[in-house]
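Bear in mind these aren't lab numbers, they're just calculated from the coordinates by the rules spelled out. The structure presented is a predicted model; accordingly, all values stated were derived computationally and were not measured. No Cβ is skipped: glycine too gets one built from the backbone with ideal geometry, and neighbour counts run over all protein chains shown.
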Amino acid sequence: MIRSKPLQAAHKQISGINITPFTDVCLVLLIIFMVTANMFNENALHIILPKASPVQPVKQPTPVTVYVKYVDANHAPLYYVDDPINSISPAELASVLKLDKAQKNNTEQLIVKSDAKVPYQYIITAIDKASQVGLVKVSLSTQLDKDATPL
């Protein structure tokens, strides 16, 4: 008589789950959603916008620029208004800013460009003198730091 092997291998318990069919179904659904998503945009509404005459763009006044340096032998600040060549004293700053504002169609914009080592008080002095003559929209110019990470 021939003896056969026991049937233990046929009754082995399955210890894992085959997720291949589930993955196939998910990928098919993803493809279906990607194809049909293009149908639901605003171009599908076919809206015809009304016509209007073109509008002339409003010319923005040129801002006043103040440069602040800290290289005087007396450790006093050097101010430059729209001209980084001719320096003016802090006492003259308000009158020069007022004159420059009038030449630029009474702009309210001021750009402060300062050396990184200038004490903060000198920058505040320039902003204070500018606000006295009506330059109230102030921007501080900076340089892009290539090593910094975005916030």
What full-extension length gain, to one decimal in nm, is calculated for T23 and D128 as 0.36 nm per residue of separation minus the Cα-Cα distance? 31.2 nm
Roughly how big is the stretch 64-140's charge dipole about its Cα centre, with Cβ charges of +1 (Lys, Arg) and -1 (Asp, Glu), in debye to the nearest 20? 140 debye
Name the long-range amide H neighbours of V138: under 5 Å, sequence gap of 5 or more, or other chain; modelled H, no Pro or chain starts. L110
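Would you calculate, for the chain, the mean residue ellipticity at 222 nm contributed by helices, counting each DSSP H stretch of 4 or more residues as -39,500 (n - 2.57) and dividing by all residues, to the nearest 500?
Details: 3 runs with 45 residues, N = 151.
Calculated from helices alone, the mean residue ellipticity at 222 nm is -10000 deg cm²/dmol.
Sorted by average packing, counted as other Cβ atoms within 10 angstrom per residue and highest first, what order do 102-111, 134-143 take? Intermediate results must be reported in sequence, preceding the final value.
Numbers: 102-111: 15.4, 134-143: 12.8.
Descending packing order for the listed peptides: 102-111, 134-143.
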From the residues Q121, L135, L93, which one has its Cα farthest along the dipole of the stretch 64-140 in the positive direction, the dipole being from +1 and -1 charges on Cβ of Lys/Arg and Asp/Glu about the Cα centre? L135
Residues D82, D24, D147 arranged by fewest to most Cβ contacts within 10 Å: D147, D24, D82
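Classify the chain as rounded, prolate or oblate, taking a ≥ b ≥ c as the square roots of the eigenvalues of its Cα gyration tensor: rounded when a/c is under 1.5, otherwise prolate if a/b is larger than b/c and oblate if not. Present the calculation step by step, with values, prior to reporting the outcome.
On the way: a/c = 7.52, a/b = 2.32, b/c = 3.23.
Because a/c hits 1.5 or more and a/b fails to exceed b/c, the chain counts as oblate.
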What are the DSSP H helices in the chain that stretch 24 Å or more along their long axis, judged by alpha-carbon atoms, and whose average Kyte-Doolittle hydropathy comes to at least -1.0? 20-37
Would you work out the relative contact order for the chain, in percent, from Cα pairs under 8 angstrom that are 6 or more residues apart? 19 percent
So what are the ³J(HN,Hα) numbers for the stretch 50-65, from phi and the Karplus equation (6.51, -1.76, 1.60; θ = phi - 60°), rounded to whole Hz, Gly and Pro as x? x, 8, 9, 6, x, 9, 6, x, 6, 7, 7, x, 6, x, 8, 10
